[in-house]
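Rule-based calculations on the coordinates, nothing more; no lab input. Predicted model only: the values in this text are computed from it and were never measured. With ideal geometry, Cβ positions are generated from the backbone for all residues, glycine too; neighbour counts draw on all protein chains shown.
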Amino acid sequence: MPILSLVTFLPLAGAVLLLFLPRENKGLLYGLALAFAVGVFLLSLPLHLGFDGGTSDPQFIERSNWLGLGIEYHVGVDGLSLYLVLLTTFLMPLALLASWSYIQDRLKEYLFFMLLLETGMIGVFVSLNLFLFYVFWEAALIPMYFLIGMWGGKRRVYATTKFVLFTMAGSLLMLVAMFVLYAAFFQETGTYSFALADLLSLTVAPKLQTWLFLAFALAFAIKVPMFPFHTWLPDAHVEAPTAGSVILAAVLLKMGAYGFLRFAFPLFPDAAAKFLPVLAVLAIIGIIYGGFMALVQKDVKSLVAYSSVSHMGLIMLALFAGNAAGVQGAVIQMVNHALSTGMLFLCVGILYERAHTRLIKDFGGVSRQMPVFAAFFLIAVLSSLGLPGLNGFVGEILCLYGAFAAHKLWAILAVTTVILAAGYLLWMFRRVMHGPISNEKIRGFRDLDGREIAVLIPIVILMLWIGIHPSTFLRKMDASVAQYVNRIKGREKVFVVKPPAARVAAEEGGGTK
Amino acid sequence: MSVFPALGPLLALTAGALVVILADAFFKRDKKDHLAYLSLTAILVTGWLAVRLWGRNAEAFGGMLRFDDAAVFLTVLLLVGTAFVILLGMRYIVRQGMNDGEFYGLLLLALAGLLIMVSSGNFVAIFLGLEVLSVSSYALAGLKRGDERSTEAAVKYFLIGSFAAAFIVMGLALLFGGAGTLELAEITPAGANSPLALAGLALVLGGFAFKLALVPFQMWQPDVYEGAPTPVTAFFVVGPKAAGFAVLLRLLLPYWQSGFKREAVFAVLWAVAAATMLVASLVALRQRNVKRMLAYSSIANAGTILIAVLTSDAAGLLFYLANYLFLSIGAFGVLAALGRDGVERTNLEDFAGLGARFPWIGGLFAVFLLGLAGFPPTGGFLAKFYVFSTAVREGHAVLVLIAVLSSLISVYYYLRVVVFMYMRKPEGEEAAVDFENPPLLLVLFLCLYGVFQLGLFPSNVLALVRHAAESLF
C-alpha cells in the first residue's frame, strides 16, 4: 500500500470534496474534515509501528518519474522526518477540533485551507527530491496566508502579507540555488537529477558551496525563524486564529529547522562548518533576546510567540552542535516544542474565547473559576519550561548536553533559556490564574467543556509518554542521526558521540524526576 | 509540391473572416451570436488543417510560408487563445453596447496576421503578417466607440504602432542591404556582421521592442490595455506577444551562433530584459486599477520571456506561452464579467468581498493570480521554473536573480487583489457582476483546467514542446 502517498494526499482529497458540499450544512462540513484528519492520523500510525530504527535509509519509499529530467515523485521517511510527519497528522485533528467554537464565518473555506495545509506540510517532510520539496514548501505557504488573512485579528492583512513576503524572499533565493546545484550536477555527471541522494554525492567547489549554503540557510533561517529574521513571527502569531497559531508554531517553524537538517548541512558541509560560529551566535542571541522579549509582553499570545523564538534558538543551537546528542535532542525537542507551545496557544485561545482579550492585566484569579483549565494550563507551562518528568526536560537536557559537548560556552549561554522560560511563564501564570479575581467578567467564565478537554488530553498523554519513556521515539532515530552526524562531521575528524550514550543520558533524565 | 497543405490553415481562416464580415450584414442585432459560432467553426477548421501539418514541415511559395512544428504548435496555441477570447466577448459586447459584429471579423483577421508571423522565415512575409495584425488591432482597441478611453487607446496604439512599423521597415531595408537576403535561414556571419546589417538589426529590434512593450518602449501599453474592451485586451496580451516573441527567437537564433557579433546584441537585450522586469513590477505596485496592474504584469512577463529568447530556450519559451495563455485569459475573463451597462468595474475597491459573494469566481481569480505570481502547483510556477533553470545552466544566474526579485515584488501586487477579495469588507455600492454567462464560465473553467494540467501533469505537453523546439534548430 502506498502509505506515504495516502497520508500526504488524503487531506487534499478531503479539501476538494469539501468544495462540493453545501456551505449551509456546517455540521456535515466540519464532521467530514475532522473525519479526514483523524483518518490521516490513523493511516500514519503504521509509519511508526513499521519503521525500522536500525537503518538510516529512508523507508516507505515511493519513487516514480514525474516530469522527466530528474524531476521525480520520490518520497520516504527516515528517523529525522518520521516524527515530524506524525506530529503533523497528530495535531491536525486536534487543531480542527479546537476551531469548532471559534470559526463560524466561512467555515467551508477554513476547513478547505486547513486540509490543504496538512498536505503541504506532510509533503515537505517526506520529499526526497528537491523539486518536489520546493513545490510542497511553497504550496504550504498559501493556505497559511489565507488562514491568517481571513480569520485573523485586526492587523491580519499586514501580518499575513509580511509572513508571505519574508518566506518568499528566502525561498526564491533557495530556488535559484537549487538551479545552480542542478546545473552543477549536470556538468559533473552529464545527467539531470534533483534527487537528494544524487546531489549529496556531488562535491561542490568551496566558493560555490558558500553561496549555495547562504541561499538555503537564509530560506530556512527565515522560516525557523532565527534572529534577526524573526520579526514576522510575533505579528503572524498574534493575528492568526488559534488553530493557525498552533499549526504555525508546531509544524511550520519546524520546516525551517528540518530544512537545515535535511538539506543545508548535508549538501554543503564545508560551507556549513565555516558559518557555524555565526549561526551559533545568532541562535544564542535568539535564545536570550526571545526570552527577554517574552518577559516584557503585555499580551499572553505574543509572550508565547516570543518564547517560541527563544525555544527555537535552543533547537537550532543543538543542531549546530552537530553531535549525536545535539541532533537527537533537536529532533525530539522539535516535537516537544510543538506539543508544549501548541498547547499553550490552545490555552490562550480558550481564554480568549471567554474574555475576548489577551492582555495579562485583564486577567487574575481565573483558576478559581476554571480549576480544570488551570490544571491543563499549568501542565503546558511546566512542559514548556522543561520540568523533569514531562517531555520538555528530555529534549532540553539532550540539546544542552549536545551544545556542551561541542562548545562549553554555548551551553552556558543557552542555559539561560531555562531560567528565562521559568521566569516569564510562571510570572504570567501567576498574574493570569492566581490572586483575587480582578475583573467581574471573570466570574462569568465557564470551565472547560468536554470538547476542549478532548483536545487537550491527547497532548498531555504524549507529553507524559515522551517525558517518562522517550526511548520509544529516540530508538527509531538512532541510525539516521548517527549517519547524519557522520556525514557532516566526516571531513573534520571530530569525536562522534555514540547514539546509545545519548539514549542513556535521556533515560537518566526521565528517571530522576 | 502543391502549396495547398501549407496554405490551408491561412486560406480557411481568411475565408472564414470574410464570411463573418459579410454575414454581419444579414443578421439582426439580437442574432449576432451566430457570428460567434461561425467564427468558432472557422477556427476549428483552421486548427484541424494546422494539426495535420505536424511533423511534415510543409512549405509554400519558396519558403515564404513554412509550417515547421514550432509554427504548428504556436498556431494551435493562438487558435485556442482566440477561441477563448471570442467566448469571453459574446456576452460582453452585448452588455457594453458594442454588439456590431465587427468584433468577430476583426479578431479573425488579426489572427490571420498572427499565423503569418509565426509560420514564416522570411522578413517580407513576417512584416506582412505584422501589418495585418496591427491594422485589425487598432480597430479592435477602439471598438467601444462611445468610450473616450477606448478611442484614446486606438489612437495611441495606431500612432505608436505605425512608428514602430516604420522602424522595422527601415531596419529591414538596411539588413537587406548588408546581409543580402531577407530569408532568415540564409543570413551568414559575414553578411550579418557588416555595419549596415547591424544597424538594421538594431532598428528591427527597436521596432519589436515597441510592439512588445519592452522597457524603455513600454509607456503606451498600459493605456491601450486599460482602454481597450477587456476581451480585446485579453487577445492583445496573448496573441501579439506570443507571435512577437516567436519571431524574435527565430530572428536571433542565428545571432547566438559562433561567427556572429554575439556579445553586443546579447548585452543590450540582457539589459532590456532586466529593466523590463524590474520597472514593470515596481510600477505595478502603485496601480489601483486591476486591469492596469495586469497590463504592467504582462510587461513584466515579457521581460521573463525575453530570458528564454536570450538563452535560445525554445522549449521553455513555448511552454511559458502556453501557460501564460491560460493564466492571463483566465484573469482577464474574470475582469470581463465585472460591471455592466457600459461601465467596467476594475478598481481594487470593486473586488472587496468578491470572494464571499461569489466563492467560485473569487476562487478562480485567486488561482489565476497566484499562478501569475508563480506559485506551485500551477503551470505558472513550472513555466518560470523551466526558463530560469535553463538560464542558470547557461550561466546567467545574475539575470535569474533579477527575475526572482521581480517575482517577489509581483507576489505583493497579485496578493493585494486577493486581500481585497477575501480580507476586506466592501465599502459603498457593491460592483455589479454578471456571472450568468455560460460561454465565459466555460472559458474560465477550461483555463483552470489548463493551469493545473500544465502545473501537475504536463508530460505530454512538454514532449510536444520539446519536439516543436527541435524543429527550430
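Key figures for this structure:
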{"read-out": "Burial ordering of A:118, A:72, fewest other beta-carbon atoms within 10 Å first", "value": "A:72, A:118"}
{"read-out": "Neighbouring partner chain Cβ atoms per residue of A:65-75, average, 10 Å criterion", "value": "2"}
{"read-out": "Length-normalised contact order for chain B - Cα pairs under 8 Å, 6+ apart - percent", "value": "15"}
{"read-out": "Cα-based helix-to-principal-axis angle, A:416-433 vs chain A, degrees rounded to 10", "value": "20"}
{"read-out": "Computed over the stretch B:4-470, the ratio Rg/Rh where both radii use C-alpha atoms and Rh is Kirkwood", "value": "0.95"}
{"read-out": "FRET efficiency, residue B:169 to residue B:263 (Cβ-Cβ, R0 41 Å, nearest 0.05)", "value": "0.90"}
{"read-out": "Segment residue A:42-residue A:356, length gained on full extension (0.36 nm per residue, minus Cα span)", "value": "109.5 nm"}
{"read-out": "Euclidean distance of C-alpha centroids, the stretch B:74-109 and the stretch A:157-225, integer Å", "value": "44"}
{"read-out": "Shielding by other protein chains, A:102-110, mean Cβ within 10 Å", "value": "1"}
{"read-out": "Three semi-axes of the equivalent ellipsoid, the protein assembly as shown, Cα gyration tensor, whole Å, largest first", "value": "56, 33, 23"}
{"read-out": "R0 of 45 Å, Cβ-Cβ distance residue A:419-residue A:205: FRET efficiency to nearest 0.05", "value": "0.55"}
{"read-out": "Peptide-level mean, for A:172-180, of C-beta atoms on other protein chains within 10 Å", "value": "6"}
{"read-out": "Cβ-based exposure ranking for A:473, B:457, in which fewest neighbours within 10 Å come first", "value": "B:457, A:473"}
{"read-out": "Rounded FRET efficiency, nearest 0.05, which uses the C-beta distance separating residue A:17 from residue A:446 and R0 of 35 Å", "value": "0.50"}
{"read-out": "Taking the stretch A:273-375 and dividing mean pair separation by its residue count, relative contact order in percent (alpha carbons under 8 Å, at least six apart)", "value": "25"}
{"read-out": "Inter-part distance where the stretch B:430-460 and the stretch B:349-407 are each reduced to a Cα centre, Å", "value": "16"}
{"read-out": "Loop-located trypsin sites (Lys or Arg not before Pro) in the stretch B:264-343, at most 14 other Cβ atoms within 10 Å (DSSP)", "value": "B:286, B:288"}
{"read-out": "Gap separating the Cα centres of the stretch A:412-441 and the stretch B:258-295, nearest whole Å", "value": "55"}
{"read-out": "Separation of the residue B:460 and residue A:165 label points, Cα + 7 Å toward Cβ, nm", "value": "4.2"}
{"read-out": "Nearest-ten-degree value, helix A:3-19 long axis tilted from longest Cα axis of chain A", "value": "50"}
{"read-out": "Packing-based ranking, highest mean first, of B:32-44, A:82-94, A:333-345 given that Cβ atoms within 10 Å are counted", "value": "A:333-345, A:82-94, B:32-44"}
{"read-out": "DSSP loop GluC sites (Glu not before Pro) with at most 12 other Cβ within 10 Å excluded, longest remaining stretch of chain B", "value": "B:1-426"}
{"read-out": "Folded to 0 to 90 degrees: helix B:148-179 orientation relative to chain B principal axis, Cα", "value": "10"}
{"read-out": "Ranked B:104, A:158, A:192, criterion: other C-beta atoms within 10 Å, fewest first", "value": "A:158, A:192, B:104"}
